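The values are calculated or read from the model by the stated rules, or taken from the named source; none is laboratory data. Because the structure is predicted, anything quoted here is derived from the model rather than measured. Note that each Cβ is placed from the backbone with ideal geometry, even for glycine, and that neighbours are counted across all protein chains shown. The protein model used for the area step is the full one, side chains on, heavy atoms only, and it has no ligands, DNA or RNA in it. Shrake-Rupley method; radii C 1.70, N 1.55, O 1.52, S 1.80 Å.
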Amino acid sequence: MDDTIDFDLTMPAPEPDRQEQIKEDCKKIADLFEASATAMFEAQDGLIFHLEFDDAAKFGKFAEYLREHGLLRVDRIQTKSDKVH
């Protein structure tokens with residue numbers, strides 16, 4: 001069984017000349033919060049920023065950061081580890 005905690009954030013597709021900067025910014029965020037893997041996918045609705053965390057505590061710090069900056073619109077996140085953040 002996969003014990004990673006996956007997080008996807010969909011954002012509107014930026015202008016082509018801004019996409020590289022957004023990818024770099026997302027990589028910095030992943031490094032800052034110690035994500036075990038990161039990827040950026042193009043989808044019909046825009047760009048999908050995908051993060052994987054190998055530890056619930058790391059994900060909890062990321063979720064708290066999003067919450068503090070008004071970027072998380074839910075009160076709680078249920079993870080595969082059954083911990084609530």
Task: Accessible surface ranking that places the most exposed of 23, 28, 58 first, with a 1.4 angstrom probe - done: 28, 23, 58
Task: For the range 14-56, the spread of Cα positions along each principal axis, largest first, Å - done: 34, 20, 10
- [ ] Quick one: what are the phi-derived ³J(HN,Hα) couplings along the range 49-60, Karplus 6.51/-1.76/1.60 with θ = phi - 60°, whole Hz, x for glycine and proline?
- [x] 9, 10, 10, 10, 10, 8, 9, 4, 5, 5, 5, x
Open item on the list: In whole Hz and in residue order, list the ³J(HN,Hα) couplings for the range 17-30 that follow from phi through the Karplus curve 6.51 cos²θ - 1.76 cosθ + 1.60, θ = phi - 60°; x for Gly and Pro.
Closed with: 6, 9, 4, 5, 5, 5, 4, 5, 4, 5, 5, 5, 4, 4
TODO: For residue 36 paired with residue 15, estimate the spin-label separation in nm (one decimal), with each label point 7 Å from Cα along the Cα-to-Cβ line.
DONE: 3.9 nm
Task: Potential extension, residue 43-residue 71 segment - 0.36 nm per residue separation minus Cα distance - done: 8.0 nm
Open item on the list: If the reach is capped at under 17 angstrom between alpha carbons, list the aspartates and glutamates near residue 58, excluding any in the same chain fewer than eight residues apart.
Closed with: 2, 3, 6, 8, 31, 34, 68, 82
